[in-house]
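As structure tokens, the structure follows; a few thoughts come after it.
The values are calculated or read from the model by the stated rules, or taken from the named source; none is laboratory data. Everything numeric in this text was worked out from a predicted model, so none of it was measured. Cβ placement follows ideal geometry from the backbone for every residue including glycine, while neighbour counts extend to all protein chains displayed. Keep in mind that these areas ignore ligands, DNA and RNA; they rest on the heavy atoms of the full protein, side chains included. Shrake-Rupley method; radii C 1.70, N 1.55, O 1.52, S 1.80 Å.
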Amino acid sequence: MKISVDNQLRQINLDPSIQLRVGIKELVDSLTESRRRVVRIVVDDVEITGKFDHEKYDLSFSDVEKIELFTADPFVLALDSIPMLQDFIMKMKLEIGSATEWYRFGRVDEASNSMARIADGLTLITHTIERLRSLLELDFSCLIFNEKPILDHYSKLAEMIEELIGAQNETDWILVADLLEYELLPVIEDWDGILGLLSQKGSELLNVAAIA
């Protein structure tokens, strides 16, 4: 069996009876220790990246001929994703504005559809922020924005999801509109600035890594 990392063949000793699911995790963990992150996994020319229920994972190493792993610098991955998240946040602010107006004018059906998109968007934002934290290896309790740790800003963002769902379940549309306009929107706007700070920190880390 051939194992390659970024198109370079590697001599890696693994028990051929090990299930692919277990063995690939070991490979990924070993590359993470060398400050690389696996971004693509290909087994016998079949892409299985992120497809954790793919049948290939149930095979053993002796059942496959070729495993290809492709990696990237985690700092570069983070810096590349920040502008995309900033663009997404801009669209979220517009969505929040629309939902607020619809609730205030009693157009509940349109507002509810918009709220579903907002809830999905908030989940995506929190997951992406957590990924940024992991890629940059930052301690959000030590980084300060607007006199508060970034961890507090992150916790508030997560709390807003529950508050909005609770208010919507109570069918208190005025409360939902107020939460959107006076609570959620400022929190989202703060994250615009926080992402700028994270981008600065990521650039600094990347420069230090290049020197090292």
Rounded to a whole %, the carbon-and-sulfur portion of the accessible area of segment 48-182 at a 1.4 Å probe is 53
For residue 40, the residues 5 or more places away or on another chain with a placed amide H closer than 5 Å to its own amide H are 70
1/(1 + (r/R0)^6) with r = Cβ-Cβ of residue 60 and residue 208, R0 = 30 Å, i.e. FRET efficiency to nearest 0.05, evaluates to 0.15
The extension gain from residue 46 to residue 113, computed as 0.36 nm times the residue separation minus the Cα-Cα distance, is 20.4 nm
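Using the Cβ atoms and a cut-off under 14 Å, what net charge is assigned to the surroundings of residue 136, where Lys and Arg are +1 and Asp and Glu are -1? Intermediate values should be presented prior to the final figure.
Details: positive: 35, 37, 131, 133, 201; negative: 73, 80, 130, 137, 139, 204.
Charge balance near residue 136 sits at -1.
For the pair residue 178 and residue 2, what calculated FRET efficiency results from E = 1/(1 + (r/R0)^6), where r is the Cβ-Cβ distance and R0 = 45 Å, to the nearest 0.05? Mind dumping the intermediate values first?
Numbers: r = 60 Å, r/R0 = 1.34.
Once rounded, the FRET efficiency stands at 0.15.
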Zone reached by a paramagnetic label modelled 7 Å from residue 9 Cα along Cα→Cβ, restricted to segment 54-94 with backbone N below 20 Å, covers 61-71
Quick calc, residue 22 & residue 86: beta-carbon distance into FRET formula, R0 35 Å, rounding 0.05, result 0.40
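The chain: percent of C-alpha pairs farther apart than 30 Å? Please report the intermediate quantities before stating the final value.
On the way: 9559 of 22366 pairs.
That tail contains 43 percent of the Cα-Cα pairs.
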Probe 1.4 Å, all chains present, heavy atoms only: residue 103 accessible area in Å², nearest 10, is 10
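Which whole-number percent gives the relative contact order of the chain, counting Cα pairs below 8 Å spaced six or more residues apart? List each step's numbers first, then the result.
On the way: 225 pairs, mean separation 42.6, N = 212.
That works out to 20 percent.
Holding the Cα-Cα limit at 26 Å, pick out from 2/56; 148/201; 93/148; 25/201; 93/156; 2/25 the pairs that are longer than that.
Numbers: 2/56 16 Å; 148/201 17 Å; 93/148 22 Å; 25/201 29 Å; 93/156 17 Å; 2/25 17 Å.
The answer is 25/201.
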Under 5 Å from the placed amide H of residue 145, counting only residues 5+ away or on other chains, we find 150
